[in-house]
Amino acid sequence: MLTGRRVALRARHEEDIPLLRTGLYDDAVTGSRAAARPWTPMPPDAKDPRLHVDGLDVMNVSFSVVDVESDALVGTATLWGIDAHHRGGHVGLGILPSARGKGYGTDVVAVLCHYGFVVRGLRRLQIETLADNTAMLRAAERNGFTREGVLRSSAWVLGEFLDEVVLGLLAPEWQARQRATA
Ligand SMILES: CC(C)(COP(=O)(O)OP(=O)(O)OC[C@H]1O[C@@H](n2cnc3c(N)ncnc32)[C@H](O)[C@@H]1OP(=O)(O)O)[C@@H](O)C(=O)NCCC(=O)NCCS
């Protein structure tokens, strides 16, 4: 369990899966914007790799996100594509629609940074998001991520090509921010 100001990140529990599936992946619009894969309907008993995790994959680590006080499930978080040679990894998250806009996403990014830099000893974390995803861009920048570039027309989303923004944060930058806020 990793704890932030607003959220705790814990292992995925079987009972989390129906709520996460309904909130984040069942709807074609939400699912298409959040995923790198085309949206397809997912049967209830399918072992969707975005939701079913065995805890043994150390390069793609999934958490369930709960409210730190009430323990209510609010979303999912991943540190994926961890590269042990180049010491990098990618941050991903999804907050359930009813829990958005309350500061959870920003705190999830903060906790994933702690996991990536402290627990895993990484040097660089990266976020890729659609250029119109203002909430994700703000959550990243609030945690010190820098916009490094735009991948023009890189994502096919619901009938149009959208730009993606790449953001990066290096361990020394994160450590300096930690010292400044201690
Ligand atoms: C993107 C997402 C993770 C953000 O989480 P959240 O809990 O809603 O975000 P927060 O409440 O921490 O808000 C972050 C910032 O975005 C702003 N914000 C929140 N919702 C917003 C919206 N709909 N439009 C514009 N800004 C918004 C907040 O005011 C805050 O800005 P501030 O720090 O300047 O006050 C969440 O909306 C989500 O899960 N979206 C769908 C899945 C997704 O896009 N995942 C990311 C894929 S890379």
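Coordinate-derived values only; no laboratory data. This one's a predicted model, so the numbers in the text were calculated from it and none came from an experiment. Neighbour counts run over all protein chains shown; Cβ positions are idealised from the backbone, glycine included.
A few remarks follow.
- Most tightly packed first, judged by the mean number of other beta-carbon atoms within 10 Å of their residues, the peptides 60-69, 151-160 read 60-69, 151-160.
- Residues in the range 163-175 carry Karplus couplings, in order, of 6, 10, 10, 9, 10, x, 9, 9, 4, x, 5, 5, 5 Hz; the curve used is 6.51 cos²θ - 1.76 cosθ + 1.60 with θ = phi - 60°, and Gly or Pro positions show x.
- Gaussian network model of the chain, Cα within-10 Å springs - most flexible of Val119, Val165, Val91: Val119
- Averaging the Cα positions of each part gives two centres, and for the range 108-166 and the range 6-72 these lie 18 Å apart.
- Distances between placed amide hydrogens fall under 5 Å for Gly75 paired with Val65, Leu96, all partners being 5 or more residues away or on another chain.
- Virtual paramagnetic centre 7 Å along Cα→Cβ of Asp26, amide N under 19 Å, in the range 81-115: 94-100
- Neighbour counts of other Cβ atoms within 10 Å put Thr129, Thr30 in the fewest-to-most order Thr30, Thr129.
- For the range 1-131, the antiparallel share of DSSP beta bridges with both residues in that region comes to about 85%.
- For the range 119-125, the Karplus equation 6.51 cos²θ - 1.76 cosθ + 1.60, evaluated at θ = phi - 60°, returns couplings of 6, 9, x, 7, 9, 9, 10 Hz by residue, with Gly and Pro reported as x.
- Remark: Glu128, Glu148 ranked as Glu148, Glu128, counting other beta-carbon atoms within 10 Å and listing the fewest first.
- Each of His90, His52 was scored by other Cβ atoms within 10 Å of its Cβ. Arranged with the fewest first, they read His52, His90.
- Relative contact order for the chain, counting Cα pairs under 8 Å that sit 6 or more residues apart, in percent: 18
- Summarising the label geometry, the points placed 7 Å from Cα in the beta-carbon direction at Glu173 and Arg138 lie 2.0 nm from one another.
- Virtual paramagnetic centre 7 Å along Cα→Cβ of Glu148, amide N under 20 Å, in the range 164-182: 164-178
- Two-site FRET efficiency, Trp156 against Ser98, from Cβ-Cβ distance with R₀ of 25 Å, rounded to 0.05: 0.35
- Structure-based [θ]222 nm, the chain - -39500 (n - 2.57) summed over DSSP H runs of at least 4, per residue, nearest 500: -6500 deg cm²/dmol
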